[in-house]
Amino acid sequence: MVWGAGRGVGRMRGDELTVVGPTVVGPTVVSVLALVLSLLNLYLQRKDRRPRLKIRARYEYRVGVPEAGSPVDSPASQLHDESQEGLYMRLGDFLREHGVGYPRGSAVVRFAISNEGERVAYLGAVRLVFREGAGRRMVLDPVQKRVLPLHLAKDAANVAGSGAAEGLPVEVVPGNGVGYRFSLTRLANTLEKEGHTGNVPLALEATDRLGNAYRRTFHVNTDLWAYRDDTGKEPG
């Protein structure tokens, strides 16, 4: 009697047990793999459509005095270094060797923005940005020699190009680039005037028409480059 009841229970549990065989697992795995491959393919397609810009920076000494934020269209300088400290240390020997009296020339920081992708990029804005105090984003306007909050700057501190104020983007085709340079003395004097002293960290921020932002950090040391002569004029 007990044995018979056990058999009955065993049959009932056997009926309730669902066996998942290869015919069920196989299609499920295939569907999941197909979804993963589809998402990966979509990601790669979107990645290929995004412009790939690279920003390089270096510090230079130029005999001529450039306009702040002007495109690079003159021959390469005779002296350059990857750090402002290195440039400053070498500058004295360079001036003596070439008979150039400082501040007849100008120390600059130079940026080269190159398009290393396969799609044309359109730069809508190029700015010099940094953070102040608790993290408020600021922008340095090298043309008007002032510092103001980024959200108030709009096109005032946009040095992308002559047509930036009219909303005309700068075209950067694949394999080509555009350059910008700024007088270190002008930047240092502006920072010092606005109460920012020492080795101040900044970034060149380039924003394309799609809203992608590209940044290259650099420093401006007011102890090295801030300069004013007796007439109130400054080089660069």
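The values are calculated or read from the model by the stated rules, or taken from the named source; none is laboratory data. Quick caveat, the model's predicted, so the values are computed rather than measured. Here the Cβ positions follow ideal geometry from the backbone for every residue, glycine too, while neighbour counts run over all protein chains shown.
Overview of values
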item: Condition check for Leu128: in contact (Cβ under 8 Å) with a residue 12 or more places away in the chain and within 17 Å of Asn212 (Cβ to Cβ); result: no
item: Answer from Ala164, Ala156 - the residue that is over 26 Å from His80 (Cβ atoms), at pLDDT below 90 and buried (at least 16 other Cβ atoms within 10 Å of the Cβ); result: Ala164
item: Output for the range 114-137, where each listed residue is within 15 Å of the chain's Cα centre (by Cα) and either part of a helix (DSSP H, G or I) or aliphatic (A, V, I, L, M) (or both); result: Ala121, Leu123, Ala125, Val126, Leu128, Val129
item: Residue count, the range 109-126 (criterion: surrounded by fewer than 23 Cβ atoms within 10 Å (Cβ to Cβ) and under 10 Å from Val159 (Cβ atoms)); result: 1
item: Some residue of the range 170-180 being of a type outside the set (A, V, I, L, M, F, W, C) and over 30 Å from Arg52 (Cβ atoms); result: no
item: Qualifying residue in the range 131-153 (condition: within 17 Å of Arg56 (Cβ to Cβ) and either in contact (Cβ under 8 Å) with a residue 12 or more places away in the chain or surrounded by 14 or more Cβ atoms within 10 Å (Cβ to Cβ) (or both)); result: no
item: Conditions (1) in a strand (DSSP E or B); (2) closer than 21 Å to Tyr214 by Cα; number of the one not met by Asp155; result: (1)
item: Tabulated pairs, the range 201-213, first closer than 16 Å to Arg119 by Cα, second hydrophobic (A, V, I, L, M, F, W, C), C-beta under 6 angstrom, 6+ apart or interchain; result: Thr207/Ala125; Thr207/Ala213; Asp208/Ala121; Asp208/Leu123
item: Selection from the range 141-152 of residues that are among the hydrophobic types (A, V, I, L, M, F, W, C) and under 18 Å from the mean Cα position of the chain (by Cα); result: Leu150
item: Selection from the range 126-162 of residues that are among the basic types (Lys, Arg) and out of contact with any strand residue (DSSP E or B) (no Cβ under 7 Å at 6 or more places or on another chain); result: Lys145, Arg146, Lys154
item: Hey, Ala226 touching a Ser or Thr at 6+ places or on another chain (Cβ under 9 Å), modelled with pLDDT under 95 and either loosely packed, with under 13 Cβ neighbours inside 10 Å or among the small types (Gly, Ala, Ser) (or both) or not; result: yes
item: Check on Thr207, at pLDDT below 95, in a strand (DSSP E or B) and not aliphatic (A, V, I, L, M); result: yes
